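The values are calculated or read from the model by the stated rules, or taken from the named source; none is laboratory data. Fair warning: this is a prediction, and the values are worked out from it, not measured in the lab. Quick reminder, even Gly has a Cβ in these numbers, built from the backbone with ideal geometry, and neighbours come from all protein chains shown.
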Amino acid sequence: MTQLVRNRLAQALPSRIVQPHAGLLLMRGWKEDVQAGKAAHIDSVCDHQQPSALYELAYARWRQATSDVRCFRSLYAELLQRMFIGLTAGAAIETGVCSSHSYGMPMIPGSSVKGCARGYAQKIGMEVSYRAALFGEDKTDVGDSGRQPGAGCLVWHDAWWIPRPGVRPYVREVVTVHHPDYYAGNGAATDFDSPVPNAQIAVQGGFYFVVEGDPAWAELAIKLLEAALADTGIGAKRAAGYGFMAVDQQATSKARAAGKQALEQTLSPQDKVRSRLLDMNEKTLADKFGVGLNATRNEYEAEEWALVPQMAREIHAALIESWSGETRKSSKTKFKARRFFLGQKAEE
C-alpha cells in the first residue's frame, strides 16, 4: 500500500481515520504501482476511494452553512452519465481529476461553475448589463470607455460531491486515440492506423451547487446554471456526452423549503407574512386564497392570519384589482380570492 502521509504525521493520526486521497494517489502514488500499468493504477484509485466520515460531516456542515435563503441559492444536480474535470492535473501519468485538497472527493471549482453559466448566458444572448452583474466584466465589455472592468455581485462557490451509500465517486474511462501519428504531425490519418486505448478517470454521482449574493440576482444565477448544466454541460469532452446534468428537483425544493422555514422562525409575524406573500405568483395567490382558503388558514397563526388581507392588498394591489371582472363562472378561484382580500363574504 502506498503511504501518502508523512511519518511524523502518521504517528499522530489514528490509523482508522487515514483515508486514500484520489489527488495524492494520482500525483504521488504512482511509484509502487508503475509495474501494474496505468489502467490498473486508476482502477486502484477508483476501487479504494470512498467518502470518509470526515467528508460526510464536512459536507453536512457546508449544507447547513449555506441554507440561509437571504443570501444563498443552491441546487442539487445529478450527472446523466459521467464527467471529466481536471484532466490536465495528472502530471506524469497524463490523466487527472479535480479533487478537494482536504478530503480527496470530487469537486467542481467555482470558476468552472461560473464559466459554465457565463458561456450559456452568452449563447442565449443575455444583455451585457445582466452578465456584468452576474459574472463581472472583462476588457471587451468596457471597450474604450477608459474604466476598469467591474466585478460581479455574486460569489460562485465550489460544487461539492454528494455522498450517498454505495455510490463511488470515481470510475475508470477509456479514451481511444485512433490516429496518434496524425495528431503528432507525422503524416496523414488512414484506416490502417492502430487505435491506442488511453485509461482516464471520470466522476459519477451528483453535486451540490451554491451561489451567494443578493437573493434576486442569486435566484437568476441558479436558474441560468440549471439550464446551462442541462444544455451545454460542464467539464471536458462534452461533445461526447460527458458532463451533462439534470437537477434533482425534489432535493432542491426540499432544501429551499427547509431554509425558508428556518428563516421564518427568526421573523416577526409581519415579516413572516410579507415573506410568504412576496414569494407567491398569480396562480399560487389565487389558489391558496380562493378554493384553497380553508387549508391555507391552517398554515398561519391567528395573529399572522389577521394581517394577510391588508398586506396582500399592499403587495399585490395591481394583481388583485385585475381580478375585478372575474365571476364565479369565469374563474371561481380568482373570484373567491379577491373577495377574501377585500373583506367580503365568499358568496354574493
Would you call residue 246 surrounded by fewer than 17 Cβ atoms within 10 Å (Cβ to Cβ) and within 18 Å of residue 159 (Cα to Cα)? yes
State all residues of the stretch 251-260 that are surrounded by 13 or more Cβ atoms within 10 Å (Cβ to Cβ) and not polar (S, T, N, Q); if no residue qualifies, say none. 251, 255, 256, 258, 259, 260
Restricting the search to the stretch 189-208, which residues are out of contact with any helix residue (DSSP H, G or I) (no Cβ under 6 Å at 6 or more places or on another chain) and not polar (S, T, N, Q)? 191, 192, 193, 195, 197, 202, 203, 205, 206, 207, 208
Filter the stretch 57-77 for residues that are out of contact with any helix residue (DSSP H, G or I) (no Cβ under 8 Å at 6 or more places or on another chain) and under 14 Å from residue 107 (Cα atoms); which is modelled with the lowest pLDDT? 58
Quick check on this structure: which one of 273, 291 is outside any helix (DSSP H, G or I) and not charged (D, E, K, R)? 291
Matching entry among 109, 51 (being surrounded by 14 or more Cβ atoms within 10 Å (Cβ to Cβ) and touching a Pro at 6+ places or on another chain (Cβ under 6 Å)): 51
Since residue 281 meets every condition but one in (1) within 27 Å of residue 77 (Cβ to Cβ); (2) at pLDDT below 90, which condition does it not meet? (2)
For the stretch 201-233, enumerate the residues that are in a strand (DSSP E or B) and more than 10 Å from residue 73 (Cβ to Cβ). 201, 202, 203, 206, 207, 208
Looking only at residues in the stretch 261-287 that are surrounded by 16 or more Cβ atoms within 10 Å (Cβ to Cβ) and touching a residue at least 40 places away in the same chain (Cβ under 8 Å), which one is farthest from residue 162 (Cα to Cα)? 286
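Just to be sure, is residue 311 in contact with an Asp or Glu (Cβ under 8 Å, 6 or more places away or on another chain) and either touching a residue at least 24 places away in the same chain (Cβ under 8 Å) or surrounded by fewer than 17 Cβ atoms within 10 Å (Cβ to Cβ) (or both)?
Taking the combined requirement at face value, the residue does not satisfy it.
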Wholly enclosed helices (runs of 4 or more DSSP H) of the stretch 45-142 bearing at least 3 residues within 19 Å of residue 159 (Cβ to Cβ): 53-65, 110-123
